[in-house]
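Peer 1: Below is one structure. I have some questions about it.
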Amino acid sequence: MKLCMIGTGYVGLVSGVCFADLGNEVICVDKDKNKIDKLKKSIIPIYEPGLDELVKKNYKAGRLKFSTNLVESVQKSKIIFICVGTPTLRNKYEADLSQVFSAAKEISKNINSFKIIINKSTVPVMTGDLVEKIMSKNVKKSLFTIVSNPEFLREGDAIRDFIYPDRIVIGTSDRKANKLLRNLYLPLISKGAKYISTSRRAAELIKYASNAFLATKITFINELANLCEKLKINVEDVSIGMGTDKRIGGRFLRAGPAYGGSCFPKDTRAIVDTANKSKVSLSVIKTVINSNDNRSGILLKRVKKILNNKIKNKNITFLGVTFKANTDDMRESACLKMIPYLNKKGAKIRYYDPTGEKKEFIKFKNVQYKNTIKDACELSDLVIVHTEWNEFKLIDLKKIIKKKSFSVYDMRNIYSPEKMKKQNIKYFGVGR
Ligand SMILES: NC(=O)c1ccc[n+]([C@@H]2O[C@H](COP(=O)([O-])OP(=O)(O)OC[C@H]3O[C@@H](n4cnc5c(N)ncnc54)[C@H](O)[C@@H]3O)[C@@H](O)[C@H]2O)c1
């Protein structure tokens, strides 16, 4: 099938490449010329394990093309996926849909034959209706149909998640479009993915409800971790004890820093905004947002306690600064609150991240990126493990840190407290 992905970011690029790998002809379009130029040279603009090889393979085979020309790409394709960003509007809870609407407008002006237009971006309920309205201004209704097909992939596991999804959600009342999309996804359905066919509005809500629920699970265990710290209980034991109950499930039940990334924060806010507009109070989700907003403050309080309230001139190392491991995505990472705060209090921060230096910290005088774990840690008074990259798991801190005495604040509980104790390292985990 001939597909066009509008927006070649984490979702558009990964799903476009995977569709191409399934044998479809895919054009990935982006208005960012620099991104497209890089992709044409097989330089991948994001960090995503396995993406490099898959792009090269499918680009070479001619199934995958990159373009900045939306008009030509739309005209050549039958199925158009809108995969543009839907961030939160500044100082609001509402989703900013300007990228979706402007993509819809551009498509509507350039339709030359029947198209299935799919919202893969995460969009509030009734955005499909609004996109339909925009399209109708320039195109006859018989020339297009608008479908919702939310994406559930996780950065860091995106290819695996796309190829082996738990479910594929298709929101449409158009039978022909439904049949065609079922065929498009057939290779994944035959591997066990559940195909859920529903109304467009339900599909839109399923995505937000899923993310809000996962954010709630994380926040729930984060709050329990606070209690565990007071009661000298290991939260890991509680997670296992709870998570083995199939009704609960162990995933997204690991205590750590505030959840971040490009989805949970904005999607919890957007679903609350949708509910507010319908005069319904989603009080659980509101509380989750509030609790998560306070999470970094709680962890920073612990940092202060570990350093006996003396932050000034302390050497603090962050291992991993992205919102989680296996991605280069800094959007709403808890580090964006913690590092500036500690820097303001006079700490000297060094950080290492496997995905390299981050532009977000360049303006800070006493925040330095180091190319190796050793360089980042050797002068440390306190090492903060912020993400759980595999390469952090077996570090011999005693060997690389020159100071006689130092502390470790393991925000992901990747180290064994017993082993740390044996090595005489002052060790602090989360909820234990
Ligand atoms: N990142 C994730 O893990 C993830 C997972 C599931 C769903 N989503 C949702 O998918 C959507 C996209 O997220 P993302 O992380 O891929 O965003 P992103 O910011 O990485 O990529 C969006 C891309 O769209 C491009 N773009 C914007 N308007 C355009 C236009 N008119 N024409 C061509 N290109 C245009 C931008 O230049 C950018 O490269 C969001 O709604 C997000 O919530 C994201």
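Every number in this text was worked out from the coordinates using simple rules, so none of it is lab data. Computed from a prediction, not measured in an experiment: that's the story for all the values here. Cβ coordinates were reconstructed from backbone atoms using ideal geometry, including for glycine residues, and neighbour counts include every protein chain displayed.
Peer 1: Multiply the residue gap between ASP293 and LYS312 by 0.36 nm, knock off their C-alpha separation, and tell me the result in nm, one decimal place.
Peer 2: Full-extension gain reported as 4.3 nm.
Peer 1: Out of region 378-426, which trypsin sites (Lys or Arg not before Pro) are coil in DSSP terms and have no more than 16 other C-beta atoms within 10 Å?
Peer 2: For trypsin sites (Lys or Arg not before Pro) across region 378-426 that sit outside H, G, I, E and B with at most 16 neighbouring Cβ atoms in 10 Å, the list reads LYS393, LYS402, LYS403, LYS404.
Peer 1: When the chain is treated as a GNM, springs tying every alpha-carbon pair under 10 Å, which of ASN222, ASN290, ASN178 comes out with the largest mean-square fluctuation?
Peer 2: Among ASN222, ASN290, ASN178, the largest mean-square fluctuation in the Gaussian network model of the chain belongs to ASN290.
Peer 1: Please give, to one decimal in nm, the separation of the simple spin-label points placed at LYS399 and SER102, each 7 Å out from Cα toward the Cβ.
Peer 2: Using points 7 Å along Cα→Cβ, the separation is 5.1 nm.
Peer 1: Follow-up. Using only the Cα atoms of region 233-432, what are the Rg and Dmax in Å?
Peer 2: For region 233-432, the Cα radius of gyration and maximum Cα-Cα distance read 17.8, 60 Å.
Peer 1: Continuing with this model, one more query. Cut-off is 10 Å between beta-carbons; in what order do GLU53, GLU151 appear when sorted fewest neighbours first?
Peer 2: Fewest to most other Cβ atoms nearby, the residues stand as GLU53, GLU151.
Peer 1: Each residue of region 380-390 in turn: what ³J(HN,Hα) in whole Hz from Karplus with 6.51, -1.76, 1.60 and θ = phi - 60°, glycine and Pro shown as x?
Peer 2: 5, 8, 9, 9, 10, 8, 9, 10, 9, 5, 4
Peer 1: Out of region 218-282, which trypsin sites (Lys or Arg not before Pro) are coil in DSSP terms and have no more than 11 other C-beta atoms within 10 Å?
Peer 2: Filter output for region 218-282: LYS232, LYS246, ARG247, ARG251, LYS279.
Peer 1: Can you give the helix-only mean residue ellipticity at 222 nm for the chain, where every DSSP H stretch with n ≥ 4 adds -39500 (n - 2.57) and the sum goes over all residues, rounded to the nearest 500 deg cm²/dmol?
Peer 2: When only DSSP H runs of four or more count, the value is -13000 deg cm²/dmol.
Peer 1: Okay, moving on. With a point put 7 Å past each Cα toward its Cβ, work out how far ILE189 is from GLU391 in nm, to one decimal.
Peer 2: Simple spin-label model gives 4.2 nm for this pair.
Peer 1: How charged is the neighbourhood of LEU253? Take every other residue with its Cβ under 11 Å from the Cβ of LEU253, and add Lys/Arg as +1 and Asp/Glu as -1.
Peer 2: Once all neighbours under 11 Å are counted, the net charge is +1.
Peer 1: Of the candidates ILE80, ILE111, ILE43, which one comes out as most mobile in a Gaussian network treatment of the chain with C-alpha springs shorter than 10 Å?
Peer 2: Result for the chain, Cα springs under 10 Å: ILE43 fluctuates most.
Peer 1: Of the options PHE144, LEU186, PRO87, report the single residue whose Cα projects farthest towards the positive end of the charge dipole of region 2-198 (beta-carbon charges: Lys, Arg +1; Asp, Glu -1).
Peer 2: Selected residue: PHE144.
Peer 1: How large is ³J(HN,Hα) for each residue in region 177-192, as worked out from phi by the Karplus curve 6.51 cos²θ - 1.76 cosθ + 1.60 (θ = phi - 60°), to whole Hz, x for Gly and Pro?
Peer 2: Couplings: 5, 4, 5, 5, 6, 4, 5, 4, 8, 3, x, 7, 5, 5, 8, x Hz.
Peer 1: Counting every Cα pair in region 182-278, what percent are over 21 Å apart?
Peer 2: 52 percent
Peer 1: Compute the convex hull volume of the Cα atoms of the chain, divide it by the residue count, and report the result per residue in Å³ as a whole number.
Peer 2: Per-residue hull volume (Cα only) is 153 Å³.
Peer 1: Moving on. May I ask which residue of TYR164, VAL55, ALA347 lies farthest towards the positive end of the charge dipole of the chain, with charges of +1 (Lys, Arg) and -1 (Asp, Glu) on Cβ and the Cα centre as origin?
Peer 2: Of the options given, the answer is ALA347.
Peer 1: Oh, and also: In region 336-432, how does Rg compare with the Kirkwood Rh, expressed as the Rg/Rh ratio over alpha carbon atoms?
Peer 2: Rounded to two decimals, Rg/Rh equals 0.95.
Peer 1: For every other residue with a beta carbon closer than 14 angstrom to the beta carbon of LEU188, add +1 if it is Lys or Arg and -1 if Asp or Glu, then tell me the sum.
Peer 2: Residues close to LEU188 contribute a combined charge of +1.
Peer 1: Return the FRET efficiency for the residue pair LEU89, LYS277: r is the Cβ-Cβ distance, R0 is 22 Å, and the value is rounded to the nearest 0.05.
Peer 2: With a Förster radius of 22 Å, E is 0.95.
Peer 1: Which of VAL123, VAL408, VAL71 ends up with the largest GNM mean-square fluctuation for the chain, with Cα atoms connected below 10 Å?
Peer 2: VAL71
Peer 1: Would you work out if region 2-198 is rounded, prolate or oblate? Take a ≥ b ≥ c from the square roots of the eigenvalues of the alpha-carbon gyration tensor; rounded if a/c is under 1.5, else prolate when a/b is larger than b/c, oblate otherwise.
Peer 2: Because its axes are fairly even, with a/c under 1.5, region 2-198 counts as rounded.
Peer 1: Starting from the 7 Å offset along Cα-to-Cβ, what nm value, one decimal, do you get for the label separation of LEU143 and ILE240?
Peer 2: Reported label-point gap for LEU143 and ILE240 is 6.2 nm.
Peer 1: Sticking with this one: Restricting to DSSP loop positions (anything but H, G, I, E, B) with no more than 15 other Cβ atoms inside 10 Å of their own Cβ, which trypsin sites (Lys or Arg not before Pro) remain in region 164-211?
Peer 2: Answer in residue order: LYS191.
Peer 1: Assign unit charges at the C-beta atoms only (+1 for Lys and Arg, -1 for Asp and Glu), then state the dipole size of the chain relative to its Cα centre in Debye, rounded to the nearest 20.
Peer 2: 760 debye
Peer 1: Further question: What does the charge count around ASN315 come to, taking other residues whose C-beta lies under 10 Å from its C-beta (Lys +1, Arg +1, Asp -1, Glu -1)?
Peer 2: That works out to +2.
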